[in-house]
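Just below is one structure, and these are the notes that go with it.
The values are calculated or read from the model by the stated rules, or taken from the named source; none is laboratory data. Predicted model only: the values in this text are computed from it and were never measured. Backbone-built Cβ (ideal geometry, glycine too); neighbour counts: all protein chains shown. We work out accessible area using only protein heavy atoms, side chains counted, and drop any ligands, DNA or RNA first. Shrake-Rupley method; radii C 1.70, N 1.55, O 1.52, S 1.80 Å.
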Amino acid sequence: MKRVYTCFCTDVIHEGHRNIIREAGKYGELTIGVLSDAAMIRFNRFPTISFEERMQLVKDIPEVSNVVVQDDVMYDKVIEELRPDYVIHGDNWQEGALKAIRDNVEGLLKTYGGEIIDVPYTYNEEVKRIDTRIKEKLAMPEYRRKRLRQLIEIRPIVKALEVHSGLTGLIAEKTIVEHDGELDQFDAMWISSLCDSTAKGKPDIELVDMTSRFRTIDDVTEVTTKPIIFDGDTGGLTEHFVYTVRTLEKMGVSAIIIEDKTGLKKNSLFGNDVVQTQDSIENFSAKIAAGKKAQLTDDFMIIARIESLILERGMEDALNRARAFVAAGADGIMIHSRKKSPDEILEFCDKFRAEDSKTPIVVVPSSFNSITENELAAHGVNIVIYANQLTRSAFPAMQQTAEDILRYHRAQEVDSRLMPIKDIITLIDEI
Ligand code: SPV
Ligand code: MG
């Protein structure tokens, strides 16, 4: 009896899977691999049922002889162990990011004469409906809100990308790349005060009011499923902050980060070039405690951002504040720096981790951008935020286009740099 292998990365068995099972039966005995949570999140999307439930789903299929765990998107380990004669998959893996997986399988099978069977991918109304339903479930506030805490447990480091609109939300949601034989995507989204204000042509000084910031969140949540970390600036008055916490929870936001500054907040990347006042430990701790008391779910996180290194108050001050803010109830600490070198950030992380092994650490490597995610994770960082790169890449491109249209009195010269109309239309999901 020949051995056939396929891997399922799904929460629902639909006609597409049944078709693969039927086809596989023509070739031999079928083993199905179930992708682990970590692998599924890395390349597909967050599961809506547990790993155990996904295993059971597959075990319940009568035609299946064996069910195994596949704990990596790539097939190396599983093929080495099972040495299947055939690997069967929908032919949708012949292009796009999935092609990297097909190439991986092809290379592995070639070493001993195994073969790939591509079956036409089923994309009928039932499959479409199931796909949409899963996405909608993931987008619901009660599912989305808790996902940041879940990701912190599962991912070596959670990667968040700045978004400030539906379109940038779609980029964070859908961008997936193959690099060095691995597939990767962003885990979460950061609604930056800097970029949200900049998109509205306003300075980053808490001028864009909360109602308007909530509109941005609405635009993003309408078209995405990934968890949201909201840049709450100083959090405003404590009396207002408690309402903000409740609203964000209701909207399905996972976390707010508030910074320990007071008075007129300016963007941290100005450092001491402008007047900025740090809040007292007592006041800021009281604000955190009030927010924690106001929140209604266990999912929501209030993360305290410490500005001591930005304002050159020293490492000890930063660590003292971290201790106090955690004691006040903060669910995480963001430490910021505008130095080119990551040294002071790493020193903080090492010292903080030596006394607190659990509280999540968040960093924003805009200035110290040479450091890699792996290096940050090795120093105990849990969340890395790419806080403004989308805005900073879009603006020069748009400005150049505007200048060139004026220069040439027509748009032909810029056209080769532009996204084809067809592509921009297909970026938006149809209902
Ligand atoms: C933002 O993105 O608005 C931030 C991060 O607060 S930073 O601009 O680096 O201060
Ligand atoms: Mg900000």
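Summary of values
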quantity: Burial order of peptide ranges 410-416, 345-351 (average beta-carbon count within 10 Å, highest first); calculated: 345-351, 410-416
quantity: FRET efficiency, GLU316 to GLU182 (Cβ-Cβ, R0 51 Å, nearest 0.05); calculated: 0.80
quantity: Point-to-point label distance, GLU95-ILE425, nm (Cα→Cβ direction, 7 Å offset); calculated: 1.7 nm
quantity: Contour minus Cα-Cα distance for GLU142 and TYR112 (0.36 nm per residue); calculated: 6.0 nm
quantity: Cα centroid separation, region 18-72 to region 305-338 (Å); calculated: 45 Å
quantity: Protection-proxy order for peptides 249-260, 42-53, 19-30, each taking the mean of Cβ atoms within 10 Å per residue, highest first; calculated: 249-260, 19-30, 42-53
quantity: Distance in nm between pseudo-label sites at SER370 and ARG407 (7 Å out along the Cβ direction from Cα); calculated: 3.3 nm
quantity: For region 90-179: lysine pairs under 29 Å (alpha-carbon distance), excluding those fewer than 8 apart on one chain; calculated: 19
quantity: Percent of C-alpha pairs per 10 Å bin, region 239-379, short to long; calculated: 12, 41, 36, 12
quantity: Sequence-distant aspartates and glutamates (8 or more away, or on other chains) whose Cα lies within less than 18 Å of LYS293; calculated: GLU239, GLU249, GLU282, ASP331
quantity: Cα gyration tensor shape for region 266-335, rounded if a/c is under 1.5, else prolate or oblate; calculated: prolate
quantity: Value at 222 nm in deg cm²/dmol, rounded to 500, when DSSP H runs of n ≥ 4 in the chain each add -39,500 (n - 2.57); calculated: -13500 deg cm²/dmol
quantity: At least 30 Å along the helix axis (C-alpha) and Kyte average at least 0.5, DSSP helices within the chain; calculated: none
quantity: Translational D in µm²/s for region 182-297 (Stokes-Einstein at 25 °C, 0.890 mPa s, Kirkwood Rh from C-alpha pairs); calculated: 162 µm²/s
quantity: For the chain: rounded, prolate or oblate by the Cα gyration tensor [a/c cutoff 1.5]; calculated: prolate
quantity: Exceeding the 25 Å Cα-Cα cut-off - candidates LYS26/LYS59; LYS59/LYS358; LYS250/LYS358; LYS266/LYS340; calculated: LYS59/LYS358; LYS250/LYS358
quantity: Sites LYS351 and SER393, calculated FRET efficiency, Cβ-Cβ separation with R0 41 Å, nearest 0.05; calculated: 0.75
quantity: Cα gyration tensor shape of region 140-387, rounded if a/c is under 1.5, else prolate or oblate by comparing a/b with b/c; calculated: rounded
quantity: Accessible area of the chain divided out per residue, in Å², using a probe of 1.4 angstrom; calculated: 48 Å²
quantity: Considering only the chain, percent of DSSP beta bridges that pair antiparallel, nearest 5; calculated: 10 percent
